[in-house]
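Okay, structure first, notes after.
The values are calculated or read from the model by the stated rules, or taken from the named source; none is laboratory data. Keep in mind the model is a prediction, meaning the values are calculated, not measured. Positions of Cβ are generated from backbone atoms using ideal geometry, with glycine treated the same way; all protein chains shown enter the neighbour counts. In case anyone asks, the SASA skips ligands and DNA or RNA and just uses the protein heavy atoms, side chains included. Shrake-Rupley method; radii C 1.70, N 1.55, O 1.52, S 1.80 Å.
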Amino acid sequence: MTETIAGEIDAPRTPADHARSLVKHAVLIAVSLLMIYPLLWMIVSSLRPTEVIFRAPGLWINELYLANYSEGWFALSQAFDWYLVNSLIVVSGAIIGNLISCSLAAYAFARLKFRLRGLWFAIMLMTIMIPIHVIVVPQYILFNAFDMVNTFLPLVLPKFVATDAFFVFLMVQFIRGIPRELDEAATIDGAGHLRIFGQVLIPLMIPALATTAIFTFIWTWSDFFTPLIYLTSPDMYTVPVALRSFLDATSGSNWGAMFAMSIVSLVPMFLAFLFGQKFLVKGIATTGGK
């Protein structure tokens, strides 16, 4: 029987197998090119004069026009690095807030015993289904009453109260996969909840924390709706709102400069995903497998 299995494993591939493999790879390559085409077109468009962008929808560049990058960098009321710094401030606050609040909330749901824990956990999960458009008006009224409009606080402060239920759920699942014997051993040594959380669980939660940080970075960096509502001064704009300023409904829009700065704004997200991919895959895999 062993020889039969080995023979089946070592059996040479037939022409039909090669044909199926060829077709499969061709389809995958075609779909991949179709998905990446908008990004390639935007890169090419950033290297074309504005008047040529929509006249030549292909990817061939007849004239390399690098001035879009210098024009776009200084086209608005501030240099574009000003808006990059604004986005970096908001993203940094959002990441810190989510890491602290969501990990603490996850520890409470996963390890502490309190009345109606299951009900509160279910209510917390139900908030994932609530669209932001439902709560945006009450939130705006609240922040306006505290004179926080046109500051970064409405973009950062909610992250410190564990409003992102997805990350709480992610960390709860991860903590549930950590043996309770570690907690019990720390308790025997005299450790309280804060010490168990900080010295026992946090070092083991690095993949889940890294996943939370990466997703928070990407979602906050690319968020357009929330900054558009709360930031009224051009000097406070984040990158997505600043990119919108390149478009003018009453006169000609500088599409080339906008595409050039769009490419610049994608670089931080690309780097975050590139260097955090290992933690991202590990965090999702270990969370889903436990």
Output for the range 84-122: chymotrypsin sites (Phe, Trp or Tyr not before Pro) sitting in coil per DSSP, at most 12 other Cβ within 10 Å, listed by number, reads Phe114
A chain fully extended from Gln277 to Ala145 at 0.36 nm per residue, minus the present Cα-Cα distance, gains in nm 43.4 nm
Any aspartates and glutamates whose Cα falls less than 15 Å from that of Lys24, other than same-chain ones fewer than 8 residues away, would be none
Ordering Ser92, Ser253 by the accessible surface of their heavy atoms, 1.4 Å probe, largest first, yields Ser92, Ser253
Residue by residue through the range 19-33, the couplings from Karplus 6.51 cos²θ - 1.76 cosθ + 1.60 with θ = phi - 60°, in Hz, x for Gly and Pro, are 5, 4, 5, 5, 5, 4, 5, 5, 5, 4, 5, 5, 5, 5, 5
Once the dipole of the chain is set up from charges on Cβ (+1 Lys and Arg, -1 Asp and Glu), the residue from the list Phe74, Gly198, Thr220 lying farthest towards its positive end is Gly198
Rounded to whole Å², per residue accessible area for the chain with a 1.4 Å probe reads 60
With label points set 7 Å from each Cα along the Cα-to-Cβ direction at Ala67 and Ile218, the distance between them in nm comes to 3.7
If one builds a Gaussian network model of the chain from Cα atoms under 10 Å apart, the most fluctuating residue listed among Leu76, Leu84, Leu274 is Leu274
With x for Gly and Pro, the residue-by-residue ³J(HN,Hα) of the range 138-150, computed from phi through the Karplus equation 6.51 cos²θ - 1.76 cosθ + 1.60 at θ = phi - 60° and given in whole Hz, is x, 5, 5, 4, 5, 5, 5, 5, 8, 6, 9, 5, 6
So the FRET efficiency between Trp82 and Trp60, C-beta based with R0 = 45 Å and rounded to 0.05, is 0.85
Once Arg117 and Ala30 are pulled to full extension, the length gained, defined as 0.36 nm per residue separation minus their Cα-Cα distance, is 26.4 nm
Ignoring ligands and nucleic acids, His133 exposes an accessible area, probe 1.4 Å, in Å² to the nearest 10, of 120
Here the gain from full extension of Glu51 to Arg244, 0.36 nm per residue of separation minus their alpha-carbon distance, amounts to 67.6 nm
In a Gaussian network model of the chain with springs linking alpha carbons closer than 10 Å, the residue among Ile130, Ile229, Ile263 that fluctuates most is Ile130
Share of Cα-Cα pairs in the chain beyond 34 Å, whole percent, is 43
With a 1.4 angstrom probe the carbon and sulfur portion of accessible area for the range 116-186, in percent, totals 72
